[in-house]
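The next block holds one structure in the form of structure tokens; read it before the comments.
Please treat every number below as a calculation from the coordinates, not as lab data. Owing to the predicted nature of the structure, the values given are computational and were not obtained by experimental measurement. Every residue, glycine among them, receives a Cβ derived from its backbone with ideal geometry; neighbour counts consider all protein chains shown.
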Amino acid sequence: MTSHVQTYLTPPQVDILIINGLVALPWGIEAVNIGLHQGSIVFIGADTPPAQKTIDAKGLHVLPGCIDAQVHFREPGLTHKEDLESGTRGAALGGITTVLEMPNTNPSTTTAQALADKLALTQGRVWTNIQFFMGACPENATQLAELEILPGCSGVKIFMGSSTGSLLVDDAKALEQMFASGRRRICVHAEDEARLKERKALAIEEGHPRAHPIWRDEETGFLATQQAVALAEKYHRPVHVLHVTTAQEAAFLAQHKRWATMEVLPQHLTLTAPECYERLGTLAQMNPPIREQYHQDALWHAVQTGVVDVIASDHAPHTREEKALPYPQSPAGLTGVQTMLPLMLNHVHQGRLSLQRLVDLLCANPARLFELHGKGRITVGADADLTLVDLNAKHIITNDWIASKVGWTPYDGMTVTGWPVMTIVNGQVVMRDDELLGRPTLTPLTA
């Protein structure tokens, strides 16, 4: 393979030089060196310009900084479960350099002031890049065009079905207003609220989380996804369907790529019903639910054929005490920001997808869809966000490793092959060999 080597007349100034790694460049994986200076990538090539610090990445793959485009860090208002410091700490330990945080906090992020308050809370407390979604509600439906372009805003999130928090939009007129107001990609939690209400008695009667995918069945997701895509096509407004779980939705979205993109979670690619509910109980309860093997097979087909655009974690922690409440009073949501990359690297090891495809799903595509300029690709001039991984390292995921305040993972005891060994954010090494370095001093993405 011919190496794409940068040539220069004067050696660039380099703070950190990464040598001997296999680098995931936009066109493929090559053995090149990377120079970082003042938060940017300034050199890619075979040479070794002088540097203040050299990192030997022999045996490692160097990826663009991985992005988690759906996390719930619970601050403000629910900080007994998580906060911005603990959430981004887990992200950095898991090889994630950028997180996009969701609006269903207390208070919900539905105003300019609420967004400003969240941005202020990050000061001196985050380990990674971070931005925040604006929550859509009937009260701000006509203001979203202004709210979505505020500094630090990732876009708009609509909850079409009830989940954690009070944000819910199930009124057709309000949904029309939201899709008509603004230009940025709208993210939707697509579950049909009327059907959820009709079927909740099934969950109450069963009294066990094995009923979760029966209560929130395939049709619940498919109805809402069809409605969201119809509005996207009517108003020429891009829509991003979050945490797709069903074969029906995947097949439908494959036919509607002009205005719709889709996200899939590691949970739905790794766990299956009914086994996960019998083994984990409410620790496997999330919305939309983990489903049967048939649906997982369809999701993998969508990943492998390019239909899926993004993989994200939907990190949504609840305490063990909350999870111990009788089903369906128990809250839905799993931890995931720290385990997402190890799980997906394990799937790479098992041959379910290529490393380059994973880079598209975790780096390039979320950066493109959510307008994260300078992120998602290793090119000269891009931000110096990098994730170094060992594809051959075997590790056991344990509750003790989890940084989240709730201290548990549904993957406790699972052996994986492939592990993040270094997280570099804006040219700073913030994690190396499972240890955090320095202090949480990064600032939110507001450009």
(request) Select from THR415, PRO107, GLN52 the residue farthest towards the positive end of the dipole of the chain; place +1 on Cβ of Lys and Arg, -1 on Cβ of Asp and Glu, and compute about the Cα centre. (result) GLN52
(request) Per DSSP H run of n ≥ 4, the term is -39500 (n - 2.57); total these for the chain, divide by its residue number, and report the mean residue ellipticity at 222 nm rounded to 500 deg cm²/dmol. (result) -7500 deg cm²/dmol
(request) Determine, for each peptide in 68-74, 364-370, the mean count of other beta carbons within 10 angstrom over its residues, then list the peptides with the highest first. (result) 68-74, 364-370
(message) I'd like the antiparallel share, as a percent to the nearest 5, of DSSP beta bridges with both residues in the chain.
(response) 50
(request) Find the relative contact order for the chain and round it to a whole percent, using C-alpha pairs within less than 8 Å whose residues are 6+ positions apart. (result) 21
(message) Once you keep just the Cα pairs under 8 angstrom separated by 6 or more residues, what percentage relative contact order results for region 231-343?
(response) 28
(request) Give the order of TYR235, TYR294, TYR277 when sorted by the count of other beta carbons within 10 angstrom, beginning with the fewest. (result) TYR294, TYR235, TYR277
(request) Just check region 349-447 against the gyration tensor rule for me: Cα atoms, a ≥ b ≥ c as the square roots of the eigenvalues, rounded for a/c under 1.5, and otherwise prolate or oblate depending on whether a/b exceeds b/c. (result) oblate
(message) Angle check, please: helix 293-304 long axis (alpha carbons) against the longest principal axis of the chain (alpha carbons), in degrees 0 to 90, nearest 10.
(response) 40
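At a threshold of 8 angstrom on Cα-Cα distance, excluding pairs fewer than six apart, so keeping six or more, what relative contact order does region 102-235 reach in percent?
Working: 195 pairs, mean separation 27.5, N = 134.
About 20 percent, as a whole number.
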(message) Quick check for me: using +1 on Lys/Arg Cβ and -1 on Asp/Glu Cβ, what's the dipole size of region 195-336 about its Cα centre, in debye to the nearest 20?
(response) 340
(request) Specify the angular offset, from 0 to 90 degrees and rounded to the nearest 10, of the alpha carbon long axis of helix 340-349 from the longest principal axis of the alpha carbons in the chain. (result) 70
(request) Count the net charge of all other residues whose Cβ sits under 13 Å from the Cβ of GLN226, scoring Lys and Arg as +1 and Asp and Glu as -1. (result) -4
(request) In debye, nearest 20, what is the charge dipole magnitude of the chain about its Cα centre with +1 on Lys and Arg Cβ and -1 on Asp and Glu Cβ, if you could check? (result) 480
(request) Please compute the net charge surrounding ALA393, taking Lys and Arg as +1 and Asp and Glu as -1 over other residues with Cβ under 12 Å from its Cβ. (result) -2
(request) Work through the residues other than ARG195 whose Cβ is under 9 Å from its Cβ and net out their charges, Lys, Arg +1 and Asp, Glu -1. (result) -3
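Going by the alpha-carbon gyration tensor, a ≥ b ≥ c the square roots of its eigenvalues, is region 76-369 rounded (a/c under 1.5) or, if a/c is not under 1.5, prolate (a/b greater than b/c) versus oblate?
Details: a/c = 1.16, a/b = 1.12, b/c = 1.04.
Because its axes are fairly even, with a/c under 1.5, region 76-369 counts as rounded.
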